[in-house]
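Take a look at the structure set out below.
The values are calculated or read from the model by the stated rules, or taken from the named source; none is laboratory data. Note that the coordinates shown come from a computational prediction; the quantities given were computed from them, not determined experimentally. Cβ placement follows ideal geometry from the backbone for every residue including glycine, while neighbour counts extend to all protein chains displayed.
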Amino acid sequence: MSAYDNVYNRSLTDPAGFWADAAQDVHWFKKWDKVLDDSRAPFYKWYAGAETNSCYNALDIHVAGGRAEQLALVYDSPVTGVVKKYTYAQLLDEVSRFAGALAGLGVEKGDRVIIYMPMVPEAAIAMLACARIGAIHSVVFGGFAAHELAIRIDDARPKAIISASCGIEVNRVIEYKPLLDHAIELAKEKPDSVVILQRPQAQASMVDGRDHDWGELMSAAKPVDCVPVAATDPLYILYTSGTTGMPKGVVRDNGGHLVALKWSMKNVYGVDAGDVYWAASDVGWVVGHSYIVYGPLFKGCTTILYEGKPVGTPDPGAFWRVISDHRVNVLFTAPTAFRAIKRDDPNGDYIRKYNLDSFRTLFLAGERCDPDTLHWAEDHLNVPVIDHWWQTETGWPIGANCMGLGMFPVKAGSCTKPVPGYDVRILDESGYEVEAGKIGSIVVKLPLPPGTLTTLWHNDDGFREAYLNHYPGYYLTADAGFKDEDGYLSIMSRTDDIINVAGHRLSTGAMEQVLAAHPDVAECAVIGVNDDLKGEVPLGTVVLQAGVERDHNEIVRELIQLVRDEIGPVASFKIAAVVKRLPKTRSGKILRGTMKKIADNTPYRMPATIDDPVILDEITEALAALGYPKEHVAA
Ligand code: COA
Ligand code: AMP
């Protein structure tokens, strides 16, 4: 048996023993009464009765343990030309002072704090400061518009919101404050305080009595110590796309998250304390939470916080420059970043300009990794390229080639094997396991391991409904895929209407809600169509209200702007068409899957229940006018 097999089997046969052992590696103010409390199953609790603090485990413990002068965080920002380095001692000082500032604003244990910030170190400082005083942070990605932010404000009801005057994209400065002010105006639940980091690129106007300047607060702030919290207390809420316009508030606890992430650093990523770890993502996504901020710091690594893109800041050598400048050992990003690099530097010429001696492993996740991208990266980088699979809900990988447990041979298109802790099964519609090689619904037998979501924020019923009711006793991943004869997992597609755009998870249902609100639109459908760079992009089809005779191009322009204004630029909604009718079943269900197949040039069978097959010809024509299917997409 391999090291992986031993560890994997024990994690399933004796989960309590396995995770009790892993928990020896972290600091507890009080040990648990029970490792796995199943008294309220299917709501499981890890480390019930224990007390800890996530910030203590990320910072204080390392300062006390001899890493005070080691770099904890390196901020590298090609868009501003700034590189700033924080040792563990310096980061602890900033965090404990900002925690003091938050406490001074009346933020207490259990209060929520929304963080709407660009990729600046203050975003990580704010997260850790919340953890220090037991406040629950909820980070909202900067590419979301005011309306999306307002939805999250109303759900989380934050005591304070922390933001910055602006974010910086490749070609423009995006003022955050007008977006934030508008979101607060839209929200029913107003925060007591707002803290604004003024950046030199834009000056935010402040609201008297409510808004505070980050710099001023910090110069007056007194550092505060860590507040012990229950292992089962929430550390953060992270909203992620669901099937409707209402995002799901994934709740992460303190104790399980701490143990699982620290365990994953060595066992999944193969890194030790002192290594340099870089997740090229954004703190607004789960990857940023787990592997820019918490995981590397729990482990005592140096983490890189990068405010830039893989290309255009300034060129496709950006990633190699960062690896070489900061002696990065492990890089984690999304395949889309590599498709962008490969597009601009097909022969990998920029790679050869830099010294990549320190670089050991590349991890890819966030979307399916196409074999072309995998092989290109392998050929040009000469390091193992590891596709691994996880979700906002799980917070850490479900399927991976665990580098700390002996690497398996890579099979392109597969994320390798289930990670210890996850009992992954592939089921058919009736709940029976399918044979090797057959596609089915991917589920995880309960209990989920520590670190995974404990519920949805103030919505236990929604948690059951979305994840647990479909197959009792199992967590529904909403991904479809198969296991091959060697036990390798391949993740093929979502089973709901979530699409993956440049590694970002978006709901077509939410976009449909926006389109349907346009006064000229009678009904609509949004599908994800294949895209060479972003993997998928949304494409909208709308049927107009009877009697609307306006120019269709003008309506399409308005629809595109509407999605940008309501959801945000991150939706990448840029293609839409007015059609006469939408294809439906006789019971009125829109045949989105068939439309997607036409757009992607995938063979399809005429659905037996289709109401009127002629409509498919009309749709085919409308898609052709938009350039779909694209010539390069294989039939
Ligand atoms: N604030 C405001 N706007 C933002 C933003 C932010 N934080 N992040 C992205 N946007 C905007 C972009 O400027 C773009 O606007 P545009 O339509 O005016 O061009 C839009 O949102 C879409 O962004 P994105 O999908 O990221 O596309 P892009 O063309 O800017 O970049 C890639 C494409 C592939 C280079 C980019 O997606 C990337 O670097 N991906 C890396 C992978 C990653 O971060 N994955 C996350 C999970 S691991
Ligand atoms: P998110 O919650 O934003 O992390 O998105 C999670 C979803 O992204 C998963 O449910 C999958 O559909 C997809 N995904 C993530 N990683 C992979 C991967 N390695 N292979 C295939 N799909 C992936």
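When L539, L468, L506 are checked against the criterion of being away from ligand 1 (no atom under 16 Å from the Cβ) and farther than 30 Å from M407 by Cβ, L468 stands alone in meeting it. Scan the stretch 159-168 and tell me whether some residue there is surrounded by 21 or more Cβ atoms within 10 Å (Cβ to Cβ), within 16 Å of I125 (Cβ to Cβ), of a type in the set (A, V, I, L, M, F, W, C) and in contact with a His (Cβ under 6 Å, 6 or more places away or on another chain). Looking through the stretch 159-168, none of the residues is surrounded by 21 or more Cβ atoms within 10 Å (Cβ to Cβ), within 16 Å of I125 (Cβ to Cβ), of a type in the set (A, V, I, L, M, F, W, C) and in contact with a His (Cβ under 6 Å, 6 or more places away or on another chain). From the residues in the stretch 207-222 that are under 31 Å from the mean Cα position of the chain (by Cα) and surrounded by fewer than 17 Cβ atoms within 10 Å (Cβ to Cβ), which one is nearest to S165 (Cα to Cα)? Per the criteria, the residue is D213.
Take the conditions surrounded by fewer than 22 Cβ atoms within 10 Å (Cβ to Cβ) and away from ligand 1 (no atom under 16 Å from the Cβ) and apply them to A230. Does it pass? Criteria met by A230. If you go through the stretch 355-376 and keep only what is of a type outside the set (S, T, N, Q) and within 15 Å of ligand 2 (Cβ to nearest atom), you end up with L362, F363, L364, A365, G366, E367, R368, C369, D370, P371, D372, L374.
The combined condition, being outside any loop (DSSP other than H, G, I, E, B) and either under 21 Å from N500 (Cα atoms) or more than 16 Å from ligand 2 (Cβ to nearest atom) (or both), is fulfilled by A478.
Just to be sure before I move on: is T313 within 16 Å of ligand 2 (Cβ to nearest atom), buried (at least 17 other Cβ atoms within 10 Å of the Cβ), among the β-branched types (V, I, T) and at pLDDT 95 or above in the structure I sent? Judged against the criteria, T313 is not a match. Filtered by the rule that a residue be modelled with pLDDT of 95 or more and more than 16 Å from ligand 1 (Cβ to nearest atom), the stretch 362-379 gives H375, E378, D379.
Okay, residues lined up against (1) touching a residue at least 24 places away in the same chain (Cβ under 8 Å); (2) within 29 Å of D325 (Cβ to Cβ):
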{"position": "D14", "(1), (2)": "no, no"}
{"position": "P42", "(1), (2)": "yes, no"}
{"position": "C55", "(1), (2)": "yes, yes"}
{"position": "D60", "(1), (2)": "yes, yes"}
{"position": "V63", "(1), (2)": "yes, yes"}
{"position": "V79", "(1), (2)": "yes, yes"}
{"position": "L102", "(1), (2)": "yes, no"}
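At pLDDT below 95, surrounded by fewer than 24 Cβ atoms within 10 Å (Cβ to Cβ) and out of contact with any Asp or Glu (no Cβ under 7 Å at 6 or more places or on another chain): does that describe P247? Yes: the conditions hold for P247. The single condition from (1) in a loop (DSSP other than H, G, I, E, B); (2) more than 16 Å from ligand 1 (Cβ to nearest atom); (3) in contact with a Lys or Arg (Cβ under 8 Å, 6 or more places away or on another chain) that G431 fails is (3).
Contact map, the stretch 305-325: residues that are within 22 Å of G142 (Cα to Cα) paired with residues that are aromatic (F, W, Y) and buried (at least 22 other Cβ atoms within 10 Å of the Cβ), Cβ distance under 6 Å, separation 6+ or inter-chain. Pairs shown: P310/F319. Restricting to the stretch 309-346, name every residue that is within 13 Å of ligand 1 (Cβ to nearest atom) and at positive phi. G312 - this is the single residue of the stretch 309-346 that is within 13 Å of ligand 1 (Cβ to nearest atom) and at positive phi.
Looking at this structure, is V322 part of a helix (DSSP H, G or I) and either touching a Leu at 6+ places or on another chain (Cβ under 9 Å) or hydroxyl-bearing (S, T, Y) (or both)? Yes, satisfied.
Going by the conditions given, is L448 within 22 Å of the chain's Cα centre (by Cα) and either away from ligand 2 (no atom under 16 Å from the Cβ) or part of a loop (DSSP other than H, G, I, E, B) (or both)? It is true that L448 is within 22 Å of the chain's Cα centre (by Cα) and either away from ligand 2 (no atom under 16 Å from the Cβ) or part of a loop (DSSP other than H, G, I, E, B) (or both). Taking the numbered list (1) of a type in the set (D, E, K, R); (2) away from ligand 2 (no atom under 16 Å from the Cβ); (3) in contact with a Phe, Trp or Tyr (Cβ under 7 Å, 6 or more places away or on another chain); (4) within 19 Å of P397 (Cβ to Cβ) in turn, K266 passes all entries but (3). Of the residues making up the stretch 385-416, those that are within 16 Å of ligand 1 (Cβ to nearest atom) and in a loop (DSSP other than H, G, I, E, B) are H388, W390, Q391, T392, E393, T394, G395, W396, P397, I398, C415. Count of the stretch 376-429 residues, restricted to those that are buried (at least 24 other Cβ atoms within 10 Å of the Cβ) and farther than 30 Å from G284 by Cα, is 0. Of all residues in the stretch 57-84, those that are surrounded by 22 or more Cβ atoms within 10 Å (Cβ to Cβ) and either not in a strand (DSSP E or B) or not assigned by TED's automatic domain parsing to the domain that holds W278 (or both) total 4.
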